[in-house]
Amino acid sequence: MGLELYLDLLSQPCRAVYIFAKKNGIPFELRTVDLLKGQHHSDDFAQVNPLKKVPALKDGDFTLAESVAILLYLSRKYETPDHWYPQDLQARARVDEYLAWQHTALRTSCTRTLWQKMMFPVFLGQQVPPETLASTLAELDRCLQLFEDKFLKDQDFLAGSHISVADLVAITELMHPVSAGCQIFKSRPKLEAWRQRVEAAVGEGLFQEAHAAIMKAKDLPPADAAMKEKLKPFMQLLLQ
Amino acid sequence: MGLELYLDLLSQPCRAVYIFAKKNSIPFELRTVDLRKGQHLSDAFAQISPLQKVPVLKDGDFTLTESVAILLYLTRKYKVPDHWYPQDLQARARVDEYLAWQHTALRRNCLRALWHKVMLPVFLGEPVSPEMLAATLAKLDVTLQVLEDKFLQDKAFLAGPHVSLADLVAITELMHPVGAGCQVFKDRPKLAAWRQRVEAAVGEVLFQEAHEVILKAKNSQPADPIIKQKLMSRVLAMIQ
């Protein structure tokens, strides 16, 4: 059995891994793990990733969790073009810096925005208190400003003149609030220009394909009682 | 001006960077940023890093934030022994996996344990309810179980038979609740044995030196009202 990638394209880190693998012609079996159906809680999947999260990688007997670790593993094993994770000491450090920062900053903000603005009302039939949503959107705004000022600055891409895994991780995050109807690129021309460069570098076809599921998330049928029950603990976390 | 490291050993990621640099005899100027005095919020420090956090590395004109990025930069620039970040594809992936996971898991729970148990009441004069503290300690407990079961398993160190960056980052995190008086190693013989191995690999003297500040955290002088006001919102955001 060759490389297997366990993904749900509803998840931002899964999209980054998917795009990276496809863009680089890395052969893999796609194993879909439907998060909204709770498939990540199955015993079978726990064999692949005891942390019960996606993305997960299985390469023969070797299993690996965490999208950042997976992206780096793939870039090394398949010797992808240098720009994805540049050899240059300082450029590579910039990629590492972004990949570290984003865990507790942009990622958190984008996940909460999607769920509080859209998934709670549409999928779970639950309104989120306006103050909570307002605070989440303010935090997203703050993160986007930091992203522009501290990370992107006046560069074409996050690590310099070429696209890297940092840009992939960032763009897939930002599509989360976009799919919830947040116009994050409107009135942010620098961000918008960067987005267009990243989409062009990835290829429009692949970019659209990777984001088809999340862009249709607003049309999801409401969750049934069983699903709601399963998602309950997760829901608590997203409202804090 | 050579390498400068802006650190406060009160902070877990600063301890990991400090130990790594010292252990590998990497020459650097230590620039202490006293967090309890709010020095990270000064205009002078904002010139160094607009994110106003520690650790920060400054190497000539090159400034770098995020402890994981700093550790990797030092690893590469100073060509440290292989075991810290092994060349072996799978062993390296294990280190990456841990370094990614810990941001939102162990780090978060260790930080909350210290602040809820000691720093909020003692340093900031803000009482924490017993229920809140109990909930935090329960979450820490769950995370410690994941650390043992998923990451350490029956290995000597987190990524295999030798100490790596993952162990440094993990042990410095665990000393946070230890500094707060939590007996994280009691009833966890596997973790206690791993701790001893990591301390031996680092060297007891260096380990004690790096942890002197955190082990005295419960004796922190209460913050004066001005400092408290400056720090409060950032602290709450940090531990949310």
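The values are calculated or read from the model by the stated rules, or taken from the named source; none is laboratory data. Keep in mind the model is a prediction, meaning the values are calculated, not measured. Cβ atoms come from the backbone with ideal geometry, glycine included; neighbour counts cover every protein chain shown.
Quick check on my filter: what residues within region B:127-154 are outside any helix (DSSP H, G or I) and within 30 Å of B:Arg197 (Cα to Cα)? Residues satisfying the conditions are B:Gln153, B:Asp154.
Out of curiosity, is B:Ala113 within 14 Å of the chain's Cα centre (by Cα), farther than 23 Å from A:Gln145 by Cα and touching a residue at least 40 places away in the same chain (Cβ under 8 Å)? Spelling it out, B:Ala113 is indeed within 14 Å of the chain's Cα centre (by Cα), farther than 23 Å from A:Gln145 by Cα and touching a residue at least 40 places away in the same chain (Cβ under 8 Å). Candidates in region A:143-177 are the residues that are free of Cβ contacts under 8 Å to residues at least 12 places away in the same chain and more than 26 Å from A:Arg76 (Cβ to Cβ); of these, the one that is surrounded by the most Cβ atoms within 10 Å (Cβ to Cβ) is A:Lys150. If only residues of region A:132-158 that are over 19 Å from the mean Cα position of the chain (by Cα) and hydrophobic (A, V, I, L, M, F, W, C) are counted, the one that is nearest to the other protein chains (Cβ to nearest Cβ) is A:Ala138. More than 14 Å from every other protein chain (Cβ to nearest Cβ), out of contact with any helix residue (DSSP H, G or I) (no Cβ under 7 Å at 6 or more places or on another chain), surrounded by fewer than 18 Cβ atoms within 10 Å (Cβ to Cβ) and under 29 Å from A:Ala56 (Cα atoms) - does that describe any residue in region B:36-43? The answer is no; no qualifying residue exists. Out of A:Ala21, A:Ala65, one residue alone is on the phi < 0 side of the Ramachandran plot, more than 10 Å from chain B (Cβ to nearest Cβ) and modelled with pLDDT of 95 or more. It is A:Ala21.
Any chance you could count how many residues in region B:59-80 are on the phi < 0 side of the Ramachandran plot and in contact (Cβ under 8 Å) with a residue 40 or more places away in the chain?
In the first step, residues of region B:59-80 are kept if they are on the phi < 0 side of the Ramachandran plot; the result is B:59, B:61-65, B:67-78, B:80.
Checking which are in contact (Cβ under 8 Å) with a residue 40 or more places away in the chain leaves us with B:59, B:67-68, B:70-72, B:74-75, B:78, B:80.
The total comes to 10.
Look at B:Thr65 and say whether it is among the β-branched types (Val, Ile, Thr) and at the interface with chain A (Cβ under 10 Å from one of its Cβ atoms). So B:Thr65 passes the test. The combined condition, being modelled with pLDDT of 95 or more and either out of contact with any strand residue (DSSP E or B) (no Cβ under 6 Å at 6 or more places or on another chain) or surrounded by 15 or more Cβ atoms within 10 Å (Cβ to Cβ) (or both), is fulfilled by A:Trp101. Kindly check whether there is at least one residue in region A:217-240 that is within 30 Å of B:Arg108 (Cα to Cα) and part of a loop (DSSP other than H, G, I, E, B). So far as region A:217-240 goes, yes, one or more of its residues are within 30 Å of B:Arg108 (Cα to Cα) and part of a loop (DSSP other than H, G, I, E, B).
Note on region A:27-53: residues that are within 14 Å of chain B (Cβ to nearest Cβ) and in contact (Cβ under 8 Å) with a residue 40 or more places away in the chain total 2.
Close Cβ contacts (under 8 Å, 6 or more residues apart or on different chains) running from residues in region A:1-13 that are among the small types (Gly, Ala, Ser) to residues that are assigned to a loop (DSSP other than H, G, I, E, B) and surrounded by fewer than 23 Cβ atoms within 10 Å (Cβ to Cβ) comprise A:Gly2/A:Pro27; A:Gly2/A:Phe28.
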